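Contents: one structure, followed by commentary.
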Amino acid sequence: MVLFEDTEWIEVRPSNLKYYSDIDLYYRSPSGEILLYKQAGLVYDGEYQEKHPYKGKIYITAEDKIKSLKILQKAFDNHLTSNVQKKKINEVKKELINIVGETLSQPRSGSLKVVPEVVNTIVESFSGNPDVIKNLSIMSHIDYSTTIHSINVMALAINYCYYTNKSIELTRNYGLAALLHDVGKSEVSEDILTANRKLTELEFKEMQAHTTKGVEILKTYGADLLIAIPGAIEHHEKLNGSGYPYGITDISECGQILGIIDCYEAVTNDERPYRNAMQPIEALNLLKKEVEKGHYNKEIFKDFAYSLVSKNIDF
């Protein structure tokens, strides 16, 4: 008998079950025993569900995590191009939330291996549809989370790169760094991430540690994700040395761009009981004051502001 506690199991989102024809699916009995629900090779469709009704949680083994993500990536690639061309932004965001949520949930399991290809697909699909990527970043979502935030920051970063005529390679690199800038939050307490109050000093220190934890995670992937490290470690640094984790002043272009975008996205979308989400113009005025304090680069800020509207604004 195999008990749930005896090994590592990955919960599967119900919306993804239809893709896992080639993967064994399991469920947990009331006694804690893990039982086979669907054998690899069988199609999980309406007919299978009728013959094997079960409404609880479904799991895959940790060993099948990467295989399942590659299957999701293939489905993502197939759907994305069509939905972008048709400008079905709701569908595009749903697909992104799905695959990004799966990859960021347990980054030490090897799941981030598929992220570079996901970003490549996004950059290639959106390159001829800049309005779609811009609209994607401003779409609101009820269930705001690190996943939603990371997707929005990535969309804003790619849009910034399009506006400033960055090369495709640099756009991919900055998009990848943007998507993974908060990967260290996977190792921060959920209570702290979702706190509906100001954090205590100790809690804030744990929150700040997401930068260094993110670097630790990215380093486990070797050369594949090294390009994302500056974004993870530097997006809370400030040019005058008042940022964290190290208080440096020599910040990479990627770190400077993501610092501005991360702040803008957070204050315009993450509404808390002690702080209302800002309108875009309010957020830009806030960032302008931060620029005047020496926190952010003036030219990068201007380019970012212009990229949001594609026309000059008087700052």
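The numbers here are math on the coordinates, done by the rules we state, and not lab data. Because the structure is a prediction, the values reported are computed rather than measured. A quick note on method: Cβ atoms are made from the backbone with ideal geometry, for glycine too, and the neighbour counts reach across all protein chains shown.
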Under 10 Å, Cα contacts only: if you run a Gaussian network model on the chain, which one of Ile300, Ile260, Ile122 comes out with the highest mean-square fluctuation?
Ile300
Taking only Cα atoms and a 10 Å spring cutoff, compute GNM fluctuations for the chain and point out the largest among Ile192, Ile257, Ile148.
Ile192
Helix-only estimate, please: 222 nm mean residue ellipticity of the chain, summing -39500 (n - 2.57) across DSSP H runs of length 4 or more and dividing by its residues, to the nearest 500.
-16000 deg cm²/dmol
What percent of all Cα-Cα pairs in the chain falls in each 20 Å bin, counting up from 0?
30, 56, 14, 0
Convex hull volume of the Cα atoms in the stretch 187-275, per residue, in Å³?
111
In whole percent, what relative contact order does the stretch 236-286 give with Cα contacts below 8 Å and a gap of six or more residues?
21
How large is the Kirkwood hydrodynamic radius of the stretch 62-192, in angstrom, based on all distinct alpha carbon pairs?
14.9
To make sure I understand the rule: partners must be lysines, Cα under 24 Å from the Cα of Lys88, and not fewer than 8 residues away in the same chain. Which ones qualify?
Lys18, Lys70, Lys74, Lys134
Label zone at Gln106, where the point sits 7 Å out along the Cα-to-Cβ direction: the stretch 217-252 residues whose backbone N lies under 18 Å
217-218, 220-221
So for the stretch 87-309, averaging the separation of alpha carbon pairs under 8 Å that are six or more residues apart and normalising by length, what relative contact order in percent results?
17
Taking a cut-off of 17 Å between Cα atoms, list the lysines near Lys289, but don't count ones fewer than 8 places away on the same chain.
Lys238, Lys298, Lys302
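So for the stretch 4-64, what percent of the C-alpha to C-alpha distances run longer than 13 Å?
60
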In a Gaussian network model of the chain with springs linking alpha carbons closer than 10 Å, the residue among Glu117, Glu95, Glu47 that fluctuates most is Glu47
Value of Rg to Rh for the stretch 1-147 (Rh from inverse mean 1/r over Cα pairs, i.e. Kirkwood):
1.01
Note the angle between two axes, namely the Cα long axis of helix 146-163 and the longest principal axis of the Cα atoms of the chain, as a number of degrees from 0 to 90, rounded to the nearest 10.
50
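Seen from all sides and averaged, what is the projected area of the convex hull of the Cα atoms in the stretch 112-263, in nm²?
9.3
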Using a Cα-Cα cut-off of under 15 Å, which aspartates and glutamates could be cross-linked to Lys94, ignoring same-chain neighbours fewer than 8 residues away?
Asp77, Glu102, Asp143
